[in-house]
1. Quick check on the range B:81-89. Is at least one of its residues closer than 23 Å to residue B:237 by Cα and away from chain A (no Cβ under 14 Å)?
2. Condition test on residue B:134, is it more than 12 Å from every other protein chain (Cβ to nearest Cβ), open to solvent by 20 Å² or more (accessible area, probe 1.4 Å) and in contact with a helix residue (DSSP H, G or I) (Cβ under 9 Å, 6 or more places away or on another chain)?
3. Restricting the range B:208-242 to residues that are open to solvent by 70 Å² or more (accessible area, probe 1.4 Å) and without any contact (Cβ under 8 Å) to a residue 40 or more places away in the chain, which is nearest to residue B:106 (Cα to Cα)?
4. Please identify the pairs in which a residue from the range B:42-55 that is open to solvent by 70 Å² or more (accessible area, probe 1.4 Å) has its Cβ atom under 8 Å from the Cβ atom of a residue that is hydrophobic (A, V, I, L, M, F, W, C), counting only partners at least 6 apart or on another chain.
5. What do you reckon, is residue B:66 within 14 Å of another protein chain (Cβ to nearest Cβ), at pLDDT below 90 and closer than 22 Å to residue A:15 by Cβ?
6. All but one of (1) in contact (Cβ under 8 Å) with a residue 40 or more places away in the chain; (2) open to solvent by less than 60 Å² (accessible area, probe 1.4 Å); (3) within 28 Å of the chain's Cα centre (by Cα) hold for residue B:88, so report the exception by its number.
7. Going by the conditions given, is residue A:81 open to solvent by 70 Å² or more (accessible area, probe 1.4 Å) and either at pLDDT below 75 or of a type outside the set (A, V, I, L, M) (or both)?
8. Just for the range A:12-46: of the residues that are under 13 Å from the mean Cα position of the chain (by Cα) and not hydroxyl-bearing (Ser, Thr, Tyr), which one is farthest from residue A:113 (Cα to Cα)?
Amino acid sequence: MSAGRATRNLTHILSISSPSNKASIIKLPPLITDVSLTFKKKNSDGHMGIRKFWQNYLPTIKFYNQSLPMNVTRITLNEIDTKKARGVKDLPVDSEEAKKLESDIKLLAKCPAKITISYQGGKSVELDCKWKRSEIILEEFTKLTKAVPVAEEEIFKFGESQ
Amino acid sequence: MNKSSISILSLKPLSSNLLGSRGAKFSTSSIALAKKAQVSRDQLKKNAAKALAKKRVEAKLPVANDPLYSDISTALRYLRSAEVGRSETASTITVSSNIVGDKGAPPLTGAISFPKPLKEVRVLVFTEDAVQAKVAQDLGAALVGGQELVEQIKEGKLGLNFNKAFATPDMQGQLAPLARTLGPKGLMPNAKKGTMATDLESVLKGAVGTMPFKQKSGLLSIAVGRTSFSDVEIIKNIMAASEAVKTATTTIKSKRPPIIGHTTITSTNGPAFKIDF
């Protein structure tokens, strides 16, 4: 294995277990039974922050909460997205197609970007993540779930414990 | 008079020199080039031998000294975290080994019977013999047929979502036109490979429920599980893979058996870890 690849691998490993942003090294309360994320595949309509939250922070949260199921649902509305990119203005005003596209765009904007936290006994809480940066989502998620930071001595240090 | 004779005399050697140098230039350049090419070819051979020797030494080094070395359960904890939120089919756990074999040695091939298979192994059987067809169906072949199957494949009506294909020798002539379709997928029955036999029972028994593997350019990659599998299930699968690979190294037709080098465990989107294999 070349040195470049080994370094890249180590960086990836350390970014999961001991990232530079310690805020994501948290332990969730045992009452929580499931964490589900729902957002669009495309970034538009304020869905970028939650996608970044999934990419940057969720692996670390999963690493310190191994037994907790975490699901991610990414909604694809490709057809509408491409039509939206093309723009309504290209279509003749008041045409059937333009009206349909406008209603589709409104529907797309309604697509939620949320985190659903399920508790024992069937109770569940939702955290709206639209138009929020990933750091803010992490902060709000920690506050809402009453998660506690993992103690310094419990933080897994790759290569030292073996 | 004197002067002119001197000039003539001096010209002669000059012209001969010019011709000589020109001639020499033409003749030596090709020789010089040829020699250079010969030297570099020798050097290339030496370099290749050196690289192979280095690879053999590296393959024998203890894996525990590697900075990426980890026990399997820790590696799986990381891989599960890296694959969080991905669909099950998009997060396969793979074990890859460096195989250092002799120059020109055949690739390492074999079959693994996993305690917890990743997916169902679908077997396709071509036969016109009713008895053999019955045997194949009893042994769990996904699809059994004769000429009508050949026609369906020719017309592209049959989706080739199979892992293995077998046939009885009576189908050999009819299968020949399908070589271009079945061949690239590794589904072409062949007596040399042992996938064409008069008695299908013996060959099918070892084939149903096993996963084939083949070395590709010095690397042997085997999918051993999904992130949803438990640690025990994945470790059992890795052990089965290890056993099958080690058996394959002993049966290979080569002067020296190939060396199994460092082994890495990784997932589709995860980092890689060196493990004991």
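1. At the first step, the residues of the range B:81-89 found to be closer than 23 Å to residue B:237 by Cα are B:81-84, B:86-89.
So of that shortlist, the ones also away from chain A (no Cβ under 14 Å) come out as B:89.
Within the range B:81-89, one or more residues are closer than 23 Å to residue B:237 by Cα and away from chain A (no Cβ under 14 Å).
2. Numbers: more than 12 Å from every other protein chain (Cβ to nearest Cβ): yes; open to solvent by 20 Å² or more (accessible area, probe 1.4 Å): yes; in contact with a helix residue (DSSP H, G or I) (Cβ under 9 Å, 6 or more places away or on another chain): no.
So residue B:134 does not fit the description; no.
3. Among them, the one singled out is B:217.
4. Listed by first residue and then by second, the contacts come to B:55/B:100.
5. Numbers: within 14 Å of another protein chain (Cβ to nearest Cβ): yes; at pLDDT below 90: yes; closer than 22 Å to residue A:15 by Cβ: yes.
Judged against the criteria, residue B:66 is a match.
6. Failing condition for residue B:88: (2).
7. Values: open to solvent by 70 Å² or more (accessible area, probe 1.4 Å): no; either at pLDDT below 75 or of a type outside the set (A, V, I, L, M) (or both): yes.
Taking the combined requirement at face value, the residue does not satisfy it.
8. Within the range A:12-46, the subset under 13 Å from the mean Cα position of the chain (by Cα) is A:24, A:35-43, A:46.
Now drop any that are not not hydroxyl-bearing (Ser, Thr, Tyr), which leaves A:35, A:37, A:39-43, A:46.
Working: A:35: 14, A:37: 8, A:39: 4, A:40: 7, A:41: 10, A:42: 11, A:43: 10, A:46: 8 Å.
The qualifying residue farthest from residue A:113 (Cα to Cα) is A:35.
The values are calculated or read from the model by the stated rules, or taken from the named source; none is laboratory data. The shown structure was predicted, so the numbers you read here are calculated from the model rather than taken from an experiment. Reconstructed Cβ throughout: ideal geometry from the backbone, glycine too, with neighbour counts over all protein chains shown. Note: areas computed on protein heavy atoms with side chains; ligands, DNA, RNA excluded. Shrake-Rupley method; radii C 1.70, N 1.55, O 1.52, S 1.80 Å.
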